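Enquirer: Dropping the structure in here first, questions after.
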Amino acid sequence: MVQGAVADAGRQRTPVGLGLDSATVRSRMVARLRSLGVADERVLAAFARVERHRFVDSALANQAYEDTSLPIGFGQTISKPSIVGQMLQALLEGRSAAGAGNEAAGSRPPVLRRVLEIGTGCGYQAALLAVLAEQVVSIERVGALAEKARANLAASLVRNVHVMHGDGRLGAPELGPFDAIVSAAGGDELPAVWLEQLAVGGRLVAPGAELRAGVQELVVVDRHPSGVTRRLAGEVYFVPLKSGAE
Ligand code: SAH
């Protein structure tokens with residue numbers, strides 16, 4: 001039977017013996033995230049859904065559900081889940097659903113319409129954003145990582161993320177404005193064009209200037225009809241936001 005053949009193909013891709021496909025493995029991570037202060041149920045539901053081990057090299061897959069960053073090649077890392085949770089929670093805080101969801105399929109309505117992510121890396125945070133938003137545009141400066149992210153997202157059947165290879169410091173003016181912008185790289189002043197590409201009512205969450213060695217401020221900027229407000233929402237550490245693409 002065709003259905004049986006498809007199911008068999010799916011089973012063959014699964015790492016044998018690790019049990020990483022099990023929802024229980026992800027629910028343990030969700031419980032840890034909750035204990036570390038991630039309280040937004042929509043964010044937790046996204047973590048419960050996306051299979052993080054499909055975004056890391058198979059040699060590291062057995063560490064995929066620990067609260068740790070892991071190398072993804074090219075000197076870059078997949079961010080620690082609790083930090084990603086903190087960023088997404090800040091992005092969604094105070095927002096209700098943006099549109100009707102497919103309740104019959106058990107999915108929640110998207111909270112955001114159009115999101116811009118800077119620093120796709122392996123595509124894991126983009127996959128989480130894809131659960132929370134209607135459309136995600138994600139920019140990665142390392143071409144080989146952009147390719148890897150596209151492959152990872154396709155393998156996880158994520159269809160609403162558009163991965164672009166380029167310098168995320170320029171944003172994506174032709175695809176904006178965005179009602180949310182999130183960056184996974186920082187260390188300096190935020191590029192002014194990001195604020196220009198933020199819709200009225202939108203929010204930007206990004207690592208800003210380095211406060212001291214190894215610590216950056218987490219900046220939250222809201223765009224109002226009359227201007228922007230900016231606040232600091234904690235301390236984080238992300239890889240540097242570099243210029244140009246390679
Ligand atoms: N969101 C990723 C995190 C990847 S780490 C995840 O889920 O794991 C941050 C990424 O930002 C790296 O891949 C790095 O290459 C990328 N980056 C750094 N500066 C950038 C820039 N100017 N434009 C786009 N991507 C950038």
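Enquirer: Determine, for each peptide in 42-54, 228-240, the mean count of other beta carbons within 10 angstrom over its residues, then list the peptides with the highest first. List each step's numbers first, then the result.
Expert: Values: 42-54: 20.5, 228-240: 14.4.
Top of the packing list down: 42-54, 228-240.
Enquirer: How much length, in nm to one decimal, is gained on full extension between A48 and D188, taken as 0.36 nm per residue of separation minus their Cα-Cα distance?
Expert: Details: separation 140, 0.36 × 140 = 50.40 nm, distance 3.27 nm.
Contour length minus Cα-Cα distance gives 47.1 nm.
Enquirer: Extending each Cα 7 Å along its Cβ direction at S96 and A144, get the distance between those two points in nm, one decimal.
Expert: Placing both labels 7 Å along Cα→Cβ, they lie 4.8 nm apart.
Enquirer: Another question about this same structure. For region 176-186, take each phi angle, set θ = phi - 60°, evaluate the Karplus expression 6.51 cos²θ - 1.76 cosθ + 1.60, and give the result in whole Hz per residue in order, putting x for glycine and proline.
Expert: Taking θ as phi minus 60°, the curve returns x, x, 10, 8, 8, 10, 9, 10, 9, 8, x Hz for region 176-186.
Enquirer: Let me ask you something else. For the chain, take N as its residue count and report Rg(C-alpha) divided by 2.2 N^0.38 Å.
Expert: On the way: Rg = 17.6 Å, N = 246, 2.2 N^0.38 = 17.8 Å.
Normalised by 2.2 N^0.38 Å, the Cα Rg of the chain equals 0.99.
Values in this text are rule-based calculations from the coordinates and carry no lab data. None of these values were measured; they are calculated from a predicted model. We place every Cβ from the backbone using ideal geometry, glycine too, and count neighbours over all the protein chains shown.
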